[in-house]
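The values are calculated or read from the model by the stated rules, or taken from the named source; none is laboratory data. Keep in mind it's a predicted model, so treat the numbers as computed, not measured. We place every Cβ from the backbone using ideal geometry, glycine too, and count neighbours over all the protein chains shown.
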Amino acid sequence: MLIGTVNDRAFLLSTEGGQLRGLDIEESSGGRFSSQTAELFPDWEALREWATSANFDATSARTLDFDELQAPVATPRQVFAIGMNYKDHAAEVNLDLPSTPAVFTKYVSSLTGALETVELPSEAVDWEVELVAVVGIGGRDIPKDTALDHVAGYMVGQDLSDRALQFAGGGAPQFSVAKSYKGFAPTGPWITSSDEVADPGNLSMTCSRGDEVLQEGNTSNLVFDLPYLIHHLSSVVELYPGDLIFTGTPDGVGFGRSPQQYLVPGDELVSSIEGLGEIRQRFVPKGEAPVNSALREKEASLA
C-alpha cells in the first residue's frame, strides 16, 4: 500500500505500468477513512484491507504528476533524527562511534515533498540520504523484539544540512536548527506500508547529483538498527502515531570529503531507497525558489 498526500488530502497511490494514479481515500471509501494522513494511523490495518480491493480503473481515480506529491506526513508531533549511525560515516567525519544513539530533531517546518526546489542559505549545504520510518502505533517502553510492529511504513528522506550554521557555535554544534531551513527535510515520495518491506534492515540506498553517485549504502550497516532505535526512543519519550524517525546516513557526505564539497545553485539531488522510490530536489540561491504549484492553486481557489 502506497499512501501519499495531494492538495493536502490523503491518496491511495498506484504506480502500476509506470503511471502514477491516485484515489482520494475519503471520497473513495465513502467517508469511512479520513482525508488527513495523520488520522489514518489508528485504522491502518483496516485501511490496508480496504486498499487491497481499491479500483484504480474507476472514474474516481486520477492520473497524477510526481510534482503534485506533498510531504506524506506534513505535521508529525515529533521528528527524530540519528547522527553517526553508520560506521563509515562516523569515520569520514572523524568522530567516534556513539555508545548510545545520538538523537536530534529536524523541526516540522522543514518538511517538504518529493520534488521541490530548495533555497541554499549558505555555500556549505550538504546532502544525507536516509531511511525514514513512520510510527503507526505509539507508546512507551516498546520492546525491541516487537518494535517493528509499531511502524506503519517507510519513506525516502534527505537530512539536508547547513554546515556553516551547524558549526557556527564553535564547540557547541547546532544540529537541529542547521538542518531545519525551509525544505531541508524532504520526504516521500509516499509512505510504503510496512507489509510491503520484507526487511527494513537490508535496503540499499543511493544519492546522486547528476551522473555523480555521492552515496551508496545499505541499512544493514546501521550502528543502531531500527528496532533498537524505537526501543531506545520510547524508553525516554512517548512515541505518537505519525512520528518520523530519520535513521542516519551512510558515508559520502560533502563535509567528509577532501576537499569538502557542497551543493551549488543548479544542482539536482536524486535520493532513492530500494523498493521505496526516489525523491528529487533542485537547488537555487536564497530568494529564488518558485512558489509551489499546489500552493499557487490553493491560493487561487481562495482568491
Verdict on PRO189 being assigned by TED's automatic domain parsing to the domain that holds ILE279 and in contact with a strand residue (DSSP E or B) (Cβ under 6 Å, 6 or more places away or on another chain):
yes
Select from segment 135-186 the residues that are hydrophobic (A, V, I, L, M, F, W, C) and touching an Asp or Glu at 6+ places or on another chain (Cβ under 6 Å) and write down the one among them that is farthest from PHE66 (Cα to Cα).
ALA178
Select from segment 115-167 the residues that are within 13 Å of the chain's Cα centre (by Cα) and among the hydroxyl-bearing types (Ser, Thr, Tyr) and list them in ascending order.
TYR154
Within segment 141-192, can you find the residues that are surrounded by 17 or more Cβ atoms within 10 Å (Cβ to Cβ) and free of Cβ contacts under 8 Å to residues at least 24 places away in the same chain?
GLN166, ALA178
In segment 95-140, how many are surrounded by fewer than 18 Cβ atoms within 10 Å (Cβ to Cβ) and free of Cβ contacts under 8 Å to residues at least 60 places away in the same chain?
5
Mind checking whether some residue in segment 212-226 is modelled with pLDDT of 95 or more, closer than 17 Å to ASP149 by Cβ, assigned by TED's automatic domain parsing to the domain that holds ASP149 and not aliphatic (A, V, I, L, M)?
yes
